[in-house]
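First up is the structure itself, then whatever we jot down about it.
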Amino acid sequence: MKTLITGGTVVGPLGATPTDVLVDGETIAALYAPGVASASGVVADKVLDATGKYVIPGGVDVHTHMQLPFGGTFASDTFETGTIAAAWGGTTTIIDFAVQRAGEVVQDGLAAWHAKADGNCAIDYGFHMIVGGVDDDALKAMDYLVEHEGITSFKLFMAYPGVFYSDDGQILRAMQKASDNGALIMMHAENGIAIDVLAAQALARGQTDPVYHGVTRPSALEGEATHRATVLAQVAGNTPLYFVHMSASEALGVVSAARSAGRNVFAETCPQYLYLTLEDQLGAPGFEGAKWVASPPLRPRDEPHRDDLWRGLRTDDLAVVSTDHCPFCFKDQKELGRGDFTKIPNGIGTVEHRVDLVYQGVASGRLSLQRWVETVSTTPARMFGLYPRKGIVAPGSDADIVIYDPNATTTIGVATHHMNLDHSAWEGFEIAGKVDTVLSRGTVVVADGAFHGRAGHGQYLRRGLTQYLR
Ligand SMILES: NC(=O)NCCC(=O)O
Ligand SMILES: [Zn+2]
Ligand SMILES: [Zn+2]
């Protein structure tokens, strides 16, 4: 089956160029200057007219938590519902986090994630591994996963004592292992020990509302943990280090300084930290703010975090925008924390909206077209060993393609989204631009306002080592 995409402007890291794209089967076969394909007699089974639209590589969301058991419940999107929602939003690859908890065998945690995901995903998927219990066996398993399972990134937590938390010694040992086997260490950098003290003190004062989740996780404690992790990575042998869901100016400053010193230190942020605030969302009246309880928390409106994060995206100090998609319904899930903010399951659902939300940076003049594509697709693919199979519109790459209409508009809301979530953290957000058509490995999965894909189409991706080292 051959598909010719005509009349569009292909956007990639090198710029935006009017180009026709020929897809043959699951991959991109050729790129043509406008009109050259028809003049040279190229015959296709299907023609997609992309006139006036951008043709971009499918989005790569490297931070999702489908069906994650967390906070006494499970993230509400399954691999099926979450990947269908992702496809609607122009994301054609996710990397989800398989989990090993302290005392568990790492390979058992991985098998549990395959059991949830295999045969159920509508788009391609890979896994990182959360190592919740760094010990001799887990360290050995890290080698095994890199060599045999295509899992080349491991998340550690300086937050959540008693759940996923690693102490500095455990972090150092895991970093030493990654220095040896080439894996990337992903870090949740918040000082969880200090945060637990602040949270207990707030509760003792009767401060139980969702906003205190933010108040008790100050940005300085993200900055402190970020600094500590960069020092530990240096001591461990200059381990490549990637900070997840960065929210704070202090943390970004640490990353900028490390990068200026030539270190292999990288970071992602998420749309919630670019747009939403502690006062406007987390501080909503009553218990409403629970919808936006996530860690790190939304930051105060009058502090410089959001502007700094946008600047970081421009300079590549922030290389990636992921979602940290971890949805919990308001009813019965977020409500577990009524009267005690520490019991509100942490997480926000955004997997469907990332490509649109970052495009708003282009629409508002804060980000170039190239940086949009780099931060949502090309760099995540390179960072996590998927390039050039993913992340670029080029001959030989998987035909994961989004036709994006910059002249259409959409409004986000629970009535129209496809995530399994009874509210939207983005309710009423007006979006300039719209995902028009989505191809996943050559198959049209979204077109004409309808989903044409199927659960089970998505393939497991064995990943190589990071390709983003300096
Ligand atoms: N971020 C969040 O609040 N929930 C998901 C787990 C994590 O990434 O820390
Ligand atoms: Zn985290
Ligand atoms: Zn996460």
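The values are calculated or read from the model by the stated rules, or taken from the named source; none is laboratory data. No experiment lies behind these values; they were computed from the predicted model shown. Cβ sites come from the backbone with ideal geometry, for glycine too, and all protein chains shown count toward neighbours.
Brief remarks follow.
- Those residues of the range 96-111 which are among the small types (Gly, Ala, Ser) and either within 16 Å of ligand 2 (Cβ to nearest atom) or not assigned by TED's automatic domain parsing to the domain that holds residue 167 (or both), in sequence order: 98
- Verdict on residue 48 being surrounded by fewer than 24 Cβ atoms within 10 Å (Cβ to Cβ), part of a strand (DSSP E or B), away from ligand 2 (no atom under 16 Å from the Cβ) and touching a residue at least 60 places away in the same chain (Cβ under 8 Å): yes
A quick yes/no check of all residues on (1) out of contact with any Leu (no Cβ under 6 Å at 6 or more places or on another chain); (2) free of Cβ contacts under 8 Å to residues at least 24 places away in the same chain; (3) more than 16 Å from ligand 2 (Cβ to nearest atom):
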{"position": "199", "(1), (2), (3)": "yes, no, yes"}
{"position": "229", "(1), (2), (3)": "yes, no, no"}
{"position": "248", "(1), (2), (3)": "yes, no, no"}
{"position": "257", "(1), (2), (3)": "yes, yes, yes"}
{"position": "261", "(1), (2), (3)": "yes, yes, yes"}
{"position": "267", "(1), (2), (3)": "no, no, no"}
{"position": "277", "(1), (2), (3)": "no, no, yes"}
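- Within the range 68-117, considering residues that are β-branched (Val, Ile, Thr) and in a strand (DSSP E or B), the one nearest to residue 129 (Cα to Cα): 99
- Filtering the range 158-192 to residues that are in contact (Cβ under 8 Å) with a residue 12 or more places away in the chain, assigned to a loop (DSSP other than H, G, I, E, B) and within 16 Å of ligand 1 (Cβ to nearest atom) leaves 158, 159, 160, 161, 163, 164, 166, 189, 190, 191.
- Qualifying residue in the range 11-31 (condition: in the same structural domain as residue 130 (by TED's automatic domain parsing), away from ligand 1 (no atom under 16 Å from the Cβ), assigned to a strand (DSSP E or B) and surrounded by 24 or more Cβ atoms within 10 Å (Cβ to Cβ)): no
- Test: residue in the range 292-307 that is away from ligand 3 (no atom under 16 Å from the Cβ) and over 23 Å from residue 195 (Cα atoms): yes
- Residue match in the range 95-112 (condition: surrounded by fewer than 16 Cβ atoms within 10 Å (Cβ to Cβ), in contact (Cβ under 8 Å) with a residue 40 or more places away in the chain and not hydroxyl-bearing (Ser, Thr, Tyr)): yes
- Test result for residue 281, touching a residue at least 24 places away in the same chain (Cβ under 8 Å) and within 16 Å of ligand 1 (Cβ to nearest atom): yes
- On inspection, residue 465 qualifies as under 30 Å from residue 264 (Cα atoms), outside the structural domain of residue 282 (by TED's automatic domain parsing), at pLDDT 95 or above and not in a strand (DSSP E or B).
- Of the residues making up the range 400-442, those that are surrounded by 18 or more Cβ atoms within 10 Å (Cβ to Cβ) and among the small types (Gly, Ala, Ser) are 424, 425, 433, 440, 442.
- Residue 351 being out of contact with any Phe, Trp or Tyr (no Cβ under 8 Å at 6 or more places or on another chain) and crowded, with 20+ Cβ neighbours inside 10 Å: yes
- Scan of the range 50-60 for residues that are farther than 15 Å from residue 442 by Cα and in contact with a strand residue (DSSP E or B) (Cβ under 6 Å, 6 or more places away or on another chain), ordered by number: 50, 53, 54, 60
- Criterion violated by residue 155 - all others in (1) assigned to a loop (DSSP other than H, G, I, E, B); (2) within 16 Å of ligand 3 (Cβ to nearest atom) satisfied: (1)
- Restricting attention to the range 59-103, the residues that are among the acidic types (Asp, Glu), over 16 Å from residue 421 (Cβ atoms) and more than 15 Å from ligand 1 (Cβ to nearest atom) total 0.
- Qualifying positions in the range 229-244 - under 27 Å from residue 302 (Cβ atoms) and either out of contact with any helix residue (DSSP H, G or I) (no Cβ under 8 Å at 6 or more places or on another chain) or surrounded by fewer than 24 Cβ atoms within 10 Å (Cβ to Cβ) (or both): 244
- Set side by side, the residues 287, 341 differ, and just one is over 19 Å from the mean Cα position of the chain (by Cα), surrounded by 24 or more Cβ atoms within 10 Å (Cβ to Cβ), more than 16 Å from ligand 2 (Cβ to nearest atom) and not aliphatic (A, V, I, L, M), which is 341.
- Taking the criterion of being under 24 Å from residue 468 (Cα atoms) and within 16 Å of ligand 3 (Cβ to nearest atom), the residues of the range 123-150 that qualify are 125, 126, 127, 128, 129, 130, 131.
- Looking across the range 150-169, the residues that are away from ligand 2 (no atom under 16 Å from the Cβ) and surrounded by fewer than 19 Cβ atoms within 10 Å (Cβ to Cβ) come down to 150, 167, 168, 169.
- Qualifying residues in the range 390-416 (those that are over 18 Å from the mean Cα position of the chain (by Cα), in contact (Cβ under 8 Å) with a residue 40 or more places away in the chain and part of a loop (DSSP other than H, G, I, E, B)) - the one nearest to residue 270 (Cα to Cα): 412
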